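This report concerns only the one structure given below.
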């Protein structure tokens, strides 16, 4: 492959390539392989960076472990922010009370988000910074806060973060993305997520040389002026129609199996959804919503039907709106969404973490769990898929996401390796409005967005006759992919390049 400036100019065999480009700087891959750079279509940069640079709760296995980890991490004068606890994986799912947490941290404001980031354990000192949370929906005097009470304490937590803390976190996030072969991310910001200043700082930092691209989204209705002020792609991302299954806040038609008095929470109805879609369509912005539960998806579909009556199908499909997560969708709904050219921005690692007969999905939903994250159904109906991590909910690990999409817990719901790889590369570019047909592939004329991957361990793994070898149609513009079987080491990134500019480089030291 030959690159001039920011563009791929030639792809072919080595001998002719050297003859056609005499004097070019040559990088001998020495067994490594090149593939299009990944796009992560749903991230939360500052929250991920705080997770990377701070306390990680994904490994705790009970209330005592959590309290001990928090007690050791408290620093006087600083709000303590940590993420990742998941009681559904604990032997004893009992959570520490607020009194237990206060005893561990004293007067320190503490915010400990659940793995799905839709509820949090908080200290009294943090509640005191948002006293209105005590009168909000989702308030608990002892347990985790959810719904509006959670949003209010999270806003107070964000206000307590210093500018230097934020920059360190965002820098850590962008560096980690580049280290994982990611050339572009979609930041899903909003008033209940991060704040306008946080988004502005991230966009400014990403504009510096040597950074992955950040496509900005803001999850708020009526914020057209804000979107234009910051050059955002749309008023989309985490504009909440409902919550999350783990926190019992995703909106369901029938009650939760393990919480039979609850059907979750719905924050927007069809009329509000339609009004937002119409506003964005007419403003030339992408609309989008966070939606997970089947009742939430039903409301979204109704909203799009109303929007179509207002603006017409041609305008609606031309706007290329999107939905985040879209976990409980049936074939009839998938067909309708495809007809409106709606993108499904989805996270395959959700199934890897919570799918299966013994997973959190089954605990929450019983037999309904098998129908979650139906990638194959959506793809078969023509829905464009764009894969991401929802980091810090799952890790910035695109090869793990591709593998999860292939090895879905429910037979028939997964994708081929080629389709999954496309969804994490070209699909992400298309979801952000890049529809030139070549971005995200390695062909002459395409932007030079690519990553070089260490294949040494993969060669050893592939020598095992039991390992499935992937092959692709050359017309797909997708390279032959590495083995993705469970237990096989995933590729390690050696270099990440966006528009011909190196973002991350470990190739020289690894060679």
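Scanning the stretch 391-406 for residues being without any contact (Cβ under 8 Å) to a residue 60 or more places away in the chain and surrounded by fewer than 24 Cβ atoms within 10 Å (Cβ to Cβ) gives a total of 2. Apart from one condition, residue 78 fits all of (1) modelled with pLDDT under 95; (2) closer than 27 Å to residue 250 by Cβ; the exception is (2). Residues in the stretch 137-165 that are farther than 17 Å from residue 100 by Cα, modelled with pLDDT of 90 or more and either surrounded by fewer than 17 Cβ atoms within 10 Å (Cβ to Cβ) or not assigned by TED's automatic domain parsing to the domain that holds residue 55 (or both): 137 only. Would you call residue 475 modelled with pLDDT under 95, assigned by TED's automatic domain parsing to the domain that holds residue 325 and either crowded, with 22+ Cβ neighbours inside 10 Å or part of a helix (DSSP H, G or I) (or both)? Taking the combined requirement at face value, the residue does not satisfy it. Condition first: crowded, with 17+ Cβ neighbours inside 10 Å and either touching a helix residue (DSSP H, G or I) at 6+ places or on another chain (Cβ under 9 Å) or under 30 Å from residue 423 (Cβ atoms) (or both). Can you find one or more residues in the stretch 11-19 that meet it? No, the stretch 11-19 has no match at all.
Table: residues versus (1) assigned to a helix (DSSP H, G or I); (2) crowded, with 21+ Cβ neighbours inside 10 Å; (3) free of Cβ contacts under 8 Å to residues at least 12 places away in the same chain.
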{"residue": "253", "(1), (2), (3)": "no, no, no"}
{"residue": "290", "(1), (2), (3)": "no, yes, no"}
{"residue": "300", "(1), (2), (3)": "yes, yes, no"}
{"residue": "307", "(1), (2), (3)": "yes, yes, no"}
{"residue": "314", "(1), (2), (3)": "yes, no, yes"}
{"residue": "324", "(1), (2), (3)": "no, yes, no"}
{"residue": "329", "(1), (2), (3)": "no, yes, no"}
{"residue": "334", "(1), (2), (3)": "yes, yes, no"}
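The test for being in contact with a strand residue (DSSP E or B) (Cβ under 9 Å, 6 or more places away or on another chain), at pLDDT below 95 and either under 24 Å from residue 394 (Cβ atoms) or surrounded by 20 or more Cβ atoms within 10 Å (Cβ to Cβ) (or both) holds for residue 237.
The values are calculated or read from the model by the stated rules, or taken from the named source; none is laboratory data. From a predicted model like this one, the values you see are computed outputs, not experimental measurements. FYI the Cβ positions are ideal-geometry reconstructions off the backbone, even for glycines, and counts take in every protein chain you see.
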